[in-house]
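The values are calculated or read from the model by the stated rules, or taken from the named source; none is laboratory data. No experiment lies behind these values; they were computed from the predicted model shown. Positions of Cβ are backbone-derived with ideal geometry, glycine not excepted, and every protein chain shown enters the neighbour counts. Remember, those area values only see protein heavy atoms, side chains included, never the ligands or the DNA or RNA. Shrake-Rupley method; radii C 1.70, N 1.55, O 1.52, S 1.80 Å.
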Amino acid sequence: MRIIIAGGHGKIALRLAARLREGAVGLVRNPAHVADVEATGAQAVVCDLERASAEEVTAIVRGADAVVFAAGAGPGSGAARKDTVDRAASVLVADAAERAGVGRFIQISSMGAGRPAAGGDEVWAAYIRAKTEAEDDLRRRDLAWTILRPGRLTDEPGTGLVRLAPEVPPGEVPRDDVAAVIMALLEHPGTARQTLELVSGDTPIIDLIATE
(Lines give C-alpha, C1' and ligand atoms only; values in the text may rest on other atoms or scores of the structure.)
Protein backbone atom coordinates (compact mmCIF):
# COMPACT_ATOMS: atom_id res chain seq x y z
CA MET A 1 0.00 0.00 0.00
CA ARG A 2 0.99 3.61 -0.55
CA ILE A 3 -0.56 5.64 2.24
CA ILE A 4 -0.40 9.43 2.45
CA ILE A 5 -0.31 10.71 6.03
CA ALA A 6 -1.24 14.38 6.38
CA GLY A 7 0.37 15.74 9.51
CA GLY A 8 3.21 13.30 9.14
CA HIS A 9 5.25 14.53 12.10
CA GLY A 10 2.51 14.05 14.66
CA LYS A 11 2.90 11.45 17.41
CA ILE A 12 0.24 9.14 15.98
CA ALA A 13 1.44 9.71 12.42
CA LEU A 14 5.02 8.72 13.24
CA ARG A 15 3.81 5.56 14.95
CA LEU A 16 1.69 4.71 11.91
CA ALA A 17 4.58 5.45 9.54
CA ALA A 18 6.80 3.09 11.53
CA ARG A 19 4.26 0.32 10.90
CA LEU A 20 3.86 1.11 7.20
CA ARG A 21 7.55 1.95 6.61
CA GLU A 22 8.21 2.36 2.86
CA GLY A 23 4.47 2.26 2.23
CA ALA A 24 3.95 5.61 3.97
CA VAL A 25 4.42 9.16 2.73
CA GLY A 26 4.32 11.70 5.55
CA LEU A 27 3.43 15.31 4.71
CA VAL A 28 5.27 17.76 6.95
CA ARG A 29 5.14 21.55 7.15
CA ASN A 30 8.62 22.03 8.59
CA PRO A 31 11.63 20.78 6.58
CA ALA A 32 13.39 20.11 9.90
CA HIS A 33 10.91 17.28 10.50
CA VAL A 34 11.84 15.33 7.37
CA ALA A 35 14.55 13.34 9.14
CA ASP A 36 12.18 12.18 11.87
CA VAL A 37 9.73 10.84 9.30
CA GLU A 38 12.44 9.18 7.26
CA ALA A 39 13.81 7.54 10.41
CA THR A 40 10.62 5.44 10.51
CA GLY A 41 11.38 4.05 7.06
CA ALA A 42 8.75 6.24 5.40
CA GLN A 43 9.12 8.93 2.77
CA ALA A 44 8.65 12.59 3.75
CA VAL A 45 7.26 15.37 1.56
CA VAL A 46 7.31 19.01 2.63
CA CYS A 47 3.82 20.45 2.18
CA ASP A 48 2.33 23.25 4.26
CA LEU A 49 -1.39 22.44 4.31
CA GLU A 50 -2.23 25.96 5.46
CA ARG A 51 -0.72 27.40 2.29
CA ALA A 52 -0.82 24.65 -0.36
CA SER A 53 -3.34 24.64 -3.20
CA ALA A 54 -5.67 21.77 -3.98
CA GLU A 55 -3.68 21.17 -7.16
CA GLU A 56 -0.41 20.81 -5.24
CA VAL A 57 -1.88 18.34 -2.75
CA THR A 58 -3.64 16.43 -5.53
CA ALA A 59 -0.32 15.88 -7.27
CA ILE A 60 1.11 14.41 -4.06
CA VAL A 61 -1.75 12.03 -3.30
CA ARG A 62 -2.34 10.83 -6.86
CA GLY A 63 -1.70 7.09 -7.09
CA ALA A 64 -2.08 6.47 -3.35
CA ASP A 65 -4.21 3.67 -1.98
CA ALA A 66 -5.49 5.75 0.93
CA VAL A 67 -5.11 9.02 2.78
CA VAL A 68 -4.93 9.36 6.57
CA PHE A 69 -5.64 12.84 7.90
CA ALA A 70 -3.64 13.07 11.12
CA ALA A 71 -2.89 16.80 11.08
CA GLY A 72 -3.74 19.10 13.95
CA ALA A 73 -2.79 22.55 15.14
CA GLY A 74 -1.47 21.02 18.36
CA PRO A 75 -1.12 22.25 21.93
CA GLY A 76 -0.46 25.93 22.38
CA SER A 77 -2.15 26.98 19.14
CA GLY A 78 -4.99 29.48 19.20
CA ALA A 79 -8.55 29.27 17.96
CA ALA A 80 -7.64 30.57 14.48
CA ARG A 81 -5.26 27.68 13.76
CA LYS A 82 -7.78 25.13 14.99
CA ASP A 83 -9.86 26.27 12.04
CA THR A 84 -7.07 26.52 9.45
CA VAL A 85 -5.55 23.12 10.33
CA ASP A 86 -8.17 20.91 11.98
CA ARG A 87 -10.95 21.98 9.60
CA ALA A 88 -9.63 23.72 6.48
CA ALA A 89 -6.65 21.42 5.95
CA SER A 90 -8.93 18.39 6.25
CA VAL A 91 -11.23 19.87 3.60
CA LEU A 92 -8.22 20.58 1.38
CA VAL A 93 -6.85 17.04 1.65
CA ALA A 94 -10.29 15.51 1.08
CA ASP A 95 -10.67 17.69 -2.03
CA ALA A 96 -7.31 16.43 -3.26
CA ALA A 97 -8.25 12.81 -2.59
CA GLU A 98 -11.42 13.19 -4.65
CA ARG A 99 -9.59 14.92 -7.49
CA ALA A 100 -6.91 12.23 -7.53
CA GLY A 101 -9.39 9.36 -7.37
CA VAL A 102 -8.14 8.09 -4.02
CA GLY A 103 -11.27 6.62 -2.50
CA ARG A 104 -10.15 5.52 0.99
CA PHE A 105 -9.87 8.33 3.55
CA ILE A 106 -9.35 7.92 7.30
CA GLN A 107 -9.78 11.00 9.42
CA ILE A 108 -8.47 11.22 12.98
CA SER A 109 -10.99 13.36 14.81
CA SER A 110 -11.65 13.59 18.54
CA MET A 111 -14.09 12.22 21.05
CA GLY A 112 -16.46 15.10 21.74
CA ALA A 113 -16.80 16.08 18.09
CA GLY A 114 -20.36 16.15 16.82
CA ARG A 115 -21.77 17.62 20.01
CA PRO A 116 -21.45 20.97 21.83
CA ALA A 117 -18.09 21.46 23.54
CA ALA A 118 -18.38 20.57 27.22
CA GLY A 119 -16.26 22.65 29.57
CA GLY A 120 -12.92 23.98 28.44
CA ASP A 121 -12.32 27.43 27.04
CA GLU A 122 -12.60 29.30 23.75
CA VAL A 123 -9.74 27.36 22.17
CA TRP A 124 -11.24 24.01 23.17
CA ALA A 125 -14.60 25.07 21.75
CA ALA A 126 -12.88 26.13 18.51
CA TYR A 127 -11.12 22.76 18.35
CA ILE A 128 -14.33 20.76 18.77
CA ARG A 129 -16.12 23.00 16.27
CA ALA A 130 -13.30 22.53 13.72
CA LYS A 131 -13.30 18.75 14.14
CA THR A 132 -17.09 18.63 13.87
CA GLU A 133 -17.14 20.70 10.67
CA ALA A 134 -14.33 18.59 9.16
CA GLU A 135 -16.35 15.45 9.90
CA ASP A 136 -19.49 16.96 8.40
CA ASP A 137 -17.60 17.91 5.24
CA LEU A 138 -16.18 14.41 4.86
CA ARG A 139 -19.56 12.70 5.26
CA ARG A 140 -20.90 14.65 2.27
CA ARG A 141 -18.18 13.29 -0.01
CA ASP A 142 -18.18 10.26 -2.27
CA LEU A 143 -15.22 8.72 -0.46
CA ALA A 144 -14.84 5.48 1.47
CA TRP A 145 -14.23 7.48 4.62
CA THR A 146 -13.85 6.31 8.19
CA ILE A 147 -13.84 8.83 11.04
CA LEU A 148 -11.94 7.77 14.14
CA ARG A 149 -12.58 9.62 17.41
CA PRO A 150 -9.97 8.65 20.02
CA GLY A 151 -10.37 9.50 23.67
CA ARG A 152 -7.66 11.26 25.67
CA LEU A 153 -4.33 10.31 24.14
CA THR A 154 -1.44 8.95 26.20
CA ASP A 155 2.12 7.86 25.50
CA GLU A 156 1.78 4.64 27.49
CA PRO A 157 2.79 1.46 25.62
CA GLY A 158 0.00 0.03 23.53
CA THR A 159 -1.81 -3.08 24.69
CA GLY A 160 -3.67 -3.99 21.52
CA LEU A 161 -6.86 -4.11 23.60
CA VAL A 162 -9.46 -1.46 22.89
CA ARG A 163 -13.10 -0.52 22.88
CA LEU A 164 -14.22 0.63 19.42
CA ALA A 165 -17.82 1.46 18.54
CA PRO A 166 -19.99 4.31 17.25
CA GLU A 167 -20.29 5.50 20.85
CA VAL A 168 -18.21 4.52 23.89
CA PRO A 169 -17.83 6.02 27.37
CA PRO A 170 -15.14 8.69 27.76
CA GLY A 171 -11.69 7.34 28.45
CA GLU A 172 -8.09 7.34 27.32
CA VAL A 173 -6.11 5.36 24.78
CA PRO A 174 -2.38 5.02 24.00
CA ARG A 175 -1.23 6.56 20.75
CA ASP A 176 0.35 3.18 19.94
CA ASP A 177 -3.11 1.62 19.92
CA VAL A 178 -4.56 4.43 17.82
CA ALA A 179 -1.90 3.74 15.17
CA ALA A 180 -2.65 0.03 15.35
CA VAL A 181 -6.36 0.68 14.87
CA ILE A 182 -5.66 2.86 11.83
CA MET A 183 -3.57 0.07 10.33
CA ALA A 184 -6.46 -2.35 10.83
CA LEU A 185 -8.93 0.13 9.33
CA LEU A 186 -6.73 0.43 6.24
CA GLU A 187 -6.69 -3.34 5.87
CA HIS A 188 -10.46 -3.77 6.35
CA PRO A 189 -12.43 -1.51 3.99
CA GLY A 190 -15.69 -2.82 5.44
CA THR A 191 -15.34 -0.07 8.04
CA ALA A 192 -15.98 2.61 5.41
CA ARG A 193 -18.61 5.30 6.07
CA GLN A 194 -18.54 4.69 9.81
CA THR A 195 -17.76 7.05 12.68
CA LEU A 196 -16.04 5.12 15.47
CA GLU A 197 -15.03 6.19 18.96
CA LEU A 198 -11.95 4.60 20.53
CA VAL A 199 -10.71 4.07 24.08
CA SER A 200 -8.73 1.36 25.81
CA GLY A 201 -10.69 -1.79 26.49
CA ASP A 202 -10.40 -5.54 26.68
CA THR A 203 -10.94 -6.71 23.09
CA PRO A 204 -8.11 -7.30 20.58
CA ILE A 205 -8.15 -4.73 17.79
CA ILE A 206 -8.37 -7.23 14.97
CA ASP A 207 -11.34 -9.00 16.59
CA LEU A 208 -13.29 -5.74 16.57
CA ILE A 209 -12.42 -4.52 13.09
CA ALA A 210 -12.53 -7.83 11.23
CA THR A 211 -16.22 -8.15 12.13
CA GLU A 212 -17.15 -4.65 10.91
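Taking the residues in the stretch 127-136 that are within 14 Å of Ile108 (Cα to Cα) and either touching a residue at least 24 places away in the same chain (Cβ under 8 Å) or of a type in the set (Asp, Glu) (or both) as candidates, determine which candidate is surrounded by the fewest Cβ atoms within 10 Å (Cβ to Cβ). So that I can check it myself, show each step before the final result.
Going residue by residue through the stretch 127-136, those that are within 14 Å of Ile108 (Cα to Cα) are 127-128, 130-136.
Filter again for either touching a residue at least 24 places away in the same chain (Cβ under 8 Å) or of a type in the set (Asp, Glu) (or both), leaving 127, 130-131, 133-136.
Values: Tyr127: 26, Ala130: 26, Lys131: 26, Glu133: 17, Ala134: 25, Glu135: 20, Asp136: 12.
So, considering only residues that are within 14 Å of Ile108 (Cα to Cα) and either touching a residue at least 24 places away in the same chain (Cβ under 8 Å) or of a type in the set (Asp, Glu) (or both), the one surrounded by the fewest Cβ atoms within 10 Å (Cβ to Cβ) is Asp136.
Residues are listed down the side, and each one gets a yes or a no for (1) among the hydroxyl-bearing types (Ser, Thr, Tyr); (2) modelled with pLDDT of 95 or more; (3) open to solvent by 30 Å² or more (accessible area, probe 1.4 Å):
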position: Glu172; (1), (2), (3): no, yes, yes
position: Asp176; (1), (2), (3): no, yes, yes
position: Ala179; (1), (2), (3): no, yes, no
position: Ile182; (1), (2), (3): no, yes, no
position: Pro189; (1), (2), (3): no, no, yes
position: Leu196; (1), (2), (3): no, yes, no
position: Asp202; (1), (2), (3): no, yes, yes
position: Leu208; (1), (2), (3): no, no, yes
position: Thr211; (1), (2), (3): yes, no, yes
> Of all residues in the stretch 47-91, which are under 23 Å from Ala179 (Cβ atoms), part of a loop (DSSP other than H, G, I, E, B) and open to solvent by less than 50 Å² (accessible area, probe 1.4 Å)?
Replying inline: Cys47, Leu49, Ala64, Ala70, Ala71, Gly72, Ala73, Gly74, Ser77
>> I need the full set of residues from the stretch 10-30 which are open to solvent by 60 Å² or more (accessible area, probe 1.4 Å) and touching a Gly at 6+ places or on another chain (Cβ under 9 Å), in order please.
In response: Arg15, Arg21, Glu22, Arg29
